[in-house]
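Only one structure is covered here, and it is reproduced in the block below.
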Amino acid sequence: MTDPELTPAQEESVRALLRGARHTEPTPEHVVARLDARLAELTAPRDDSPAATVVPLAARRRRRAASLLVAAAALVAGGVALPQLLPPDGFDAATDTGGTVAEGQADDSGEGNSEAGEDPHATSGEAAPRESPLSGGAQLRTDKDSGLPRLSSDGSLERQAAEALGSLPPADATTDNAAGCVVPTTVPGRRVPVTYDGARAVMLVRDVSPGRQRVAVYLCGATLPVDSVTLTRP
Amino acid sequence: MSERSDDELLSAHVAGDADAFGELFARHRDRLWAVALRTMGNPEDAADGLQDGMVAAFRRAGSFRGEAAVTTWLHRVVVNACLDRLRAAKVRAADALPDDLDDRGSLVAAATPVDDPAEVAVADERRHLVLTALASLPAEQRAALVLVDMEGYSVAEVAQILDCAEGTVKSRCSRGRVRLATLLGVLRPDRADPADPGNPPAAEDVPTTSPPRGPPRPAT
């Protein structure tokens, strides 16, 4: 079906309505303050020392799945090649083996594909979080000293927040323990202690609508978030 | 001391001038905010998108080759950041209702006499309808209309910002306008004011099929 054509008058009416709805006010002060704070972080000298340990979660599963896949492939190859090497009376046994392995391979392949699909954003920039945010993370970084989830401005907050929240045991899902990190804001929500670029911080998590959570990261003592994101459940 | 140009500021930033990028971004911030706000549909997500774009521009400044104006490049980075967020969050456009209640009065005040509350109210409602309809469009169509019809960029500039062909921009704008025309009632032939749907005509009285009842009688 083709779209109807607008007459010049109708098109001008729509354009005039859009012009009339243009936003002309300056950027709100709190947004300016947030941008300035973020810019100050970007321009400040960075401590890039490796102060974090990496806890491989999905990465470990992925390696295990890959190992299984390789082993299954080897068995399949063996199952195909073996009948040609064996005498004719060994054919049936070899075929059975191949069939069984092929089923196992199919299962493993499915798992591998699924996990590979979790990380389409691995090479994207920080402004392009493309994966489903609450689908589980590839790896959780924790601060070496405090053991808290470690967030970095270098990566997608969407993914890091989802990973940090996903790493909490169920018992912690309702806690509101900022572990001594005071954030003087009246915004309600659950407070999850983290580190952000090496500094102590708190993730303030609140439900904004069914299936959507607002996550704002506050450095201890700060009144404005250094970063925030809206997470959606798939 | 004369004001540095956008190109000079960006070059200075790449060269290590710690203040240059802030000065450059502040120069274009309000217009970028307007684009982010209208593209995202609400201030919270717009702030996120604008910040993403700022960080991306800060870090990728060295990749700017000067094919377009610096402001066009900044818009491109910010719009892409907003569109990435929209795609990532899978925000349905129909749900992204405008949430800029605080700023609603400003444009109305600028466009209509402030001493006429009735006109202010009508313009306010009209604007709300337009933003609601705009929010229901696909993100790419919305971005094209925001840049072309709201912000007044040329199709060629928007093609650079959105990194697509000029024909694609025209197509997105055309489809978006048709959709808006439908949503806003512009296509109605009897339309005097396309943005003011007014009240629907009153339905006719439904005739009763029963004989008229008499006055209530006292119980015996």
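None of the figures in this text is laboratory data; all of them are computed from the coordinates on show. This structure is a prediction, so every number in the text was calculated from the model and none was measured. Every residue, glycine among them, receives a Cβ derived from its backbone with ideal geometry; neighbour counts consider all protein chains shown.
Computed quantities for the displayed model
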| item | result |
| --- | --- |
| Which of A:D143, B:D45 has the fewest Cβ neighbours within 10 Å, and the rest in rising order | A:D143, B:D45 |
| Residue exposure sequence - B:L32, A:L35, B:L83, B:L183 - by fewest surrounding Cβ within 10 Å | B:L183, B:L83, A:L35, B:L32 |
| The stretch B:1-91, dipole about Cα centre (Lys/Arg Cβ +1, Asp/Glu Cβ -1), debye to the nearest 20 | 420 debye |
| Per-residue ³J(HN,Hα) for the stretch A:6-17, Karplus 6.51 cos²θ - 1.76 cosθ + 1.60, θ = phi - 60°, Hz, x for Gly and Pro | 8, 6, x, 5, 5, 5, 5, 4, 5, 5, 5, 4 |
| Charge tally in the Cβ shell below 14 Å around A:P8, where Lys, Arg are +1 and Asp, Glu are -1, A:P8 excluded | -1 |
| Proxy reagent accessibility, fewest Cβ within 10 Å first, across B:K170, A:K144 | A:K144, B:K170 |
| FRET E, pair A:L168, A:E29, Förster distance 30 Å, beta-carbon r, rounded to 0.05 | 0.35 |
